[in-house]
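Some notes on the structure that comes next.
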Amino acid sequence: MKRRYFLGGCAASVTLAAAARADNGAASLDLLVAGPAGEQTDRWANAWALALSPGFPGGPNLLTQPVGGLDGVTGGNRLDALVVPDGKTAAMLPGVSLVAWLTGDARVHFDPTRWAPVLAGGQSGVLVARLGNTPPSLQALQAFGGLRLAADQPESNDLAALLALERMGVQTAPVFGLRGTEAKTKAFTAGEVDAVFLCGEGVPEDIAPLSANGGVAVFCLGKMVAGALGPDPLFPGVPEASAFAPVSASLEAAYHAAAAAARLDYFMVLPRLSDPASLAAWRAAAVAGAADAALQSAASASAVTLLAAPDAMAELAALDISPADQAGLQDFLARRFGWHPG
């Protein structure tokens, strides 16, 4: 409720501010939102619309246009197929839309590696396991024989955890069909799973009931800072996955791509071939907008890190993997989990 409160307040402010500027005959820009009206990505889009506007000459309206479902696929397709690269329209998408592209979802007709990043919101990803009195270690995870990991499906942010564990040589027995933190926490509390990968907004809050039931933070996905991956400041002392244990070279590119997607709560881009001057204007507005007090409050309440263009670019760059690496990922999913893109 706290996170929704801040974002809801930002959205209401956007409506009032837009109406005031409309009375002044202000010009407008468009923000395509890959997700339903009123849902998480749309709320962030409304918050950023208010924060970005003063950073453009003349303070134009930023009009949000929600489209499609929560996974962002419809919105991504709309961006590539219909948005003209004239600098007047940007798009905000959820990070999970990148997982759909990475795993070869047949509905995807967009290529995120060709978009021009403007900004992003970073989130945490942490693996929590029930280890008893055993300190977190690779040997402790391997001792399960088959780590029962609570998971939604391979085509979700859980993909990053599945690949991280595979590269560590940890045998997993994922329990699929657990969508959302509440379902995963309930399964963990009931002893139906051994581990949960928490990923999203408010992870520090969500980890508390797991800790109360014997859960220990084992490793995390890190955070992008100044274009480089480093420790997650929200989880001091919890190592990034690659630093936690030795990893094999297999699926390396796929893991880094999946981890980048999982670290992105949302991201804003301009379409490919956008005018460099227009892109620079959006990025400058993003730098100025990130200082907005209401936006910073919403980010703090949500445990989301506001990322400027360089960090957004670094995250999306990890998605630019070779066709062979992408095919290797999809083959791994088919062999290990019997999964095929729908």
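Those helices (runs of 4 or more DSSP H) of region 112-230 in which at least 1 residues are in contact with a Cys (Cβ under 8 Å, 6 or more places away or on another chain), considering only elements entirely within it, cover 158-168. Would you call Val269 in the same structural domain as Gly75 (by TED's automatic domain parsing) and more than 21 Å from Val96 (Cα to Cα)? Against the criterion (in the same structural domain as Gly75 (by TED's automatic domain parsing) and more than 21 Å from Val96 (Cα to Cα)), Val269 does not qualify.
The sole residue among Val108, Val84 that is of a type in the set (Val, Ile, Thr), in a loop (DSSP other than H, G, I, E, B) and surrounded by fewer than 18 Cβ atoms within 10 Å (Cβ to Cβ) is Val84. If you check Val99, Val67 for being among the hydrophobic types (A, V, I, L, M, F, W, C), over 30 Å from Glu192 (Cα atoms) and either out of contact with any His (no Cβ under 6 Å at 6 or more places or on another chain) or crowded, with 16+ Cβ neighbours inside 10 Å (or both), only one passes: Val67.
Scanning for something at pLDDT 95 or above, within 26 Å of Leu162 (Cβ to Cβ) and either in contact with an Asp or Glu (Cβ under 9 Å, 6 or more places away or on another chain) or not assigned by TED's automatic domain parsing to the domain that holds Pro94 (or both), does region 277-293 turn up at least one residue? Break it down into steps so the answer makes sense when it comes.
The initial filter retains those residues of region 277-293 that are at pLDDT 95 or above, namely 277-293.
Now narrow it down to the ones that are within 26 Å of Leu162 (Cβ to Cβ): none.
No, every residue in region 277-293 fails to be at pLDDT 95 or above, within 26 Å of Leu162 (Cβ to Cβ) and either in contact with an Asp or Glu (Cβ under 9 Å, 6 or more places away or on another chain) or not assigned by TED's automatic domain parsing to the domain that holds Pro94 (or both).
Within region 155-182, being closer than 22 Å to Gly202 by Cα, of a type outside the set (A, V, I, L, M) and surrounded by 19 or more Cβ atoms within 10 Å (Cβ to Cβ) holds for Glu155, Ser156, Asn157, Asp158, Thr181. Here region 242-285 is the region considered, the condition is being touching a residue at least 40 places away in the same chain (Cβ under 8 Å), in a loop (DSSP other than H, G, I, E, B) and of a type in the set (A, V, I, L, M, F, W, C), and the residue that is nearest to Ala324 (Cα to Cα) is Leu251.
The values are calculated or read from the model by the stated rules, or taken from the named source; none is laboratory data. Note that the structure is predicted; figures quoted are calculated from it, not measured. Every residue, glycine among them, receives a Cβ derived from its backbone with ideal geometry; neighbour counts consider all protein chains shown.
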